[in-house]
Amino acid sequence: MTDVNFRLTGTPACLVCNAPLPFHQARNNKLCGRIECDWRYSLLQKQNKLCKKCGRPLAIREQHFGVCAAPECQRAAIADRARQEHEQRERWYLALREKAERLRNQVMGDFGIRNAKSFRLAVIPASLSKITRLPAKRRREFRNYLKQLIDRVFAAPVPVVLNQDQNQTAPLADQEIRLQAASGQACACCQGSCCGGGAFTYAYLEAATLQRYRTAHPDQRSRKVLAAYMSYVGDETTQGSCVYHQADGCSLPRDMRSDICNNFYCGGLQDFRQNTPVTGPVRGFFIAATENTLHRAALVHEDHTLMIPVSSTDMD
């Protein structure tokens with residue numbers, strides 16, 4: 001795409017006065033050559049009122065964004081912003097990981113552990129939300145949603161189970177059991193950052209979740225299913241998070257949770273799980289952080305955890 005303006009006829013035109021430009025002139029210049037246009041364009045350039053992509057003067061409504069409304073310029077600007085945000089996140093993560101490594105090495109030195117890398121480093125999110133009283137309105141809204149969902153499930157035919165063994169999942173391998181134990185300790189260090197999404201998705205509960213519970217409890221009618229799920233909603237919850245998100249974690253038993261809640265791992269935990277050796281003990285040093293701040297740390301050996309205090313000097 002050329003930098004000069006084009007009139008509807010396809011003729012290249014001056015970016016200021018829209019006067020047609022000969023093609024040989026348009027190859028080298030955006031303007032018609034008049035002093036007034038040169039002066040006006042220079043002024044707009046100093047005022048940052050030109051499109052950053054094609055150089056066109058910006059309309060008033062476009063000046064805030066710095067690009068004109070041309071689709072090509074909009075796409076290029078979006079790509080630039082995405083690249084800048086990605087680079088910023090990369091810089092943030094590298095700086096954060098350097099802080100985390102220093103803290104791990106310091107802790108390992110204090111405990112006399114020579115091979116600090118035997119405890120794999122993982123940076124995970126940190127939930128900073130406080131425990132608050134669950135508003136009656138939220139409880140009522142959640143109950144209404146749950147009742148409608150259960151009524152819809154009970155309106156459908158009861159699933160036919162041809163073979164009882166189909167409901168039984170294969171036993172987990174020993175290494176997966178150890179990974180799950182360590183992952184659970186990491187989640188305790190995070191304190192439920194991922195649970196925040198459950199605030200506006202009603203704990204991620206959906207028809208498939210309730211249908212699974214119904215199949216496992218065929219003797220329970222809809223009213224008892226509703227009572228079962230509501231019995232785990234306490235008087236308090238984590239502010240801005242799922243109604244089941246309490247001070248000691250999720251109050252809902254795993255077999256009643258949605259598949260998302262049971263299977264989700266944040267990026268830091270996914271990396272930890274994928275890169276942990278398939279044999280030997282599962283060890284990790286988990287850092288719960290937000291932006292450039294370390295909030296909590298946990299030294300984990302499978303299902304055993306030692307919470308590490310993080311001082312203000314560790315955050316610098």
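Values for this structure:
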{"quantity": "Scan of the range 252-290 for residues that are within 16 Å of GLY197 (Cα to Cα) and hydroxyl-bearing (Ser, Thr, Tyr), ordered by number", "calculated": "SER258, TYR265"}
{"quantity": "Members of the range 218-269 that are out of contact with any strand residue (DSSP E or B) (no Cβ under 9 Å at 6 or more places or on another chain) and charged (D, E, K, R)", "calculated": "ASP219, ARG221, ARG223, LYS224, ASP248, ARG254, ASP255, ASP259"}
{"quantity": "Residue check, VAL278 among the hydrophobic types (A, V, I, L, M, F, W, C), in contact with a Gly (Cβ under 8 Å, 6 or more places away or on another chain) and within 30 Å of ASN105 (Cα to Cα)", "calculated": "no"}
{"quantity": "Among residues of the range 112-143, those that are exposed (fewer than 12 other Cβ atoms within 10 Å of the Cβ) and free of Cβ contacts under 8 Å to residues at least 60 places away in the same chain, counted", "calculated": "7"}
{"quantity": "The range 208-220, subset touching a residue at least 24 places away in the same chain (Cβ under 8 Å) and in contact with a Phe, Trp or Tyr (Cβ under 9 Å, 6 or more places away or on another chain), residue surrounded by the most Cβ atoms within 10 Å (Cβ to Cβ)", "calculated": "LEU210"}
{"quantity": "Considering residues of the range 78-105 that are in contact (Cβ under 8 Å) with a residue 24 or more places away in the chain and surrounded by 14 or more Cβ atoms within 10 Å (Cβ to Cβ) only, the residue nearest to the chain's Cα centre (by Cα)", "calculated": "TYR93"}
{"quantity": "Hits in the range 231-247 - residues which are touching an Asp or Glu at 6+ places or on another chain (Cβ under 8 Å) and surrounded by 15 or more Cβ atoms within 10 Å (Cβ to Cβ)", "calculated": "GLN246"}
{"quantity": "Scan of the range 45-97 for residues that are among the basic types (Lys, Arg) and in a helix (DSSP H, G or I), ordered by number", "calculated": "LYS46, ARG61, ARG75, ARG81, ARG83, ARG89, ARG91, ARG97"}
{"quantity": "Residue match in the range 41-51 (condition: among the charged types (D, E, K, R) and either under 30 Å from THR293 (Cβ atoms) or without any contact (Cβ under 8 Å) to a residue 12 or more places away in the chain (or both))", "calculated": "yes"}
{"quantity": "Residue in the range 124-131 that is among the aliphatic types (A, V, I, L, M) and more than 25 Å from TYR265 (Cβ to Cβ) present", "calculated": "no"}
{"quantity": "Looking only at the range 9-40, and only at residues there that are outside any loop (DSSP other than H, G, I, E, B) and either aromatic (Phe, Trp, Tyr) or modelled with pLDDT under 80 (or both), the one that is nearest to LEU58 (Cα to Cα)", "calculated": "TRP39"}
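The values are calculated or read from the model by the stated rules, or taken from the named source; none is laboratory data. Small disclaimer: the values here were computed from a predicted structure and weren't measured. As a convention, Cβ positions derive from the backbone with ideal geometry for all residues, glycine included, and neighbour counts pool all protein chains shown.
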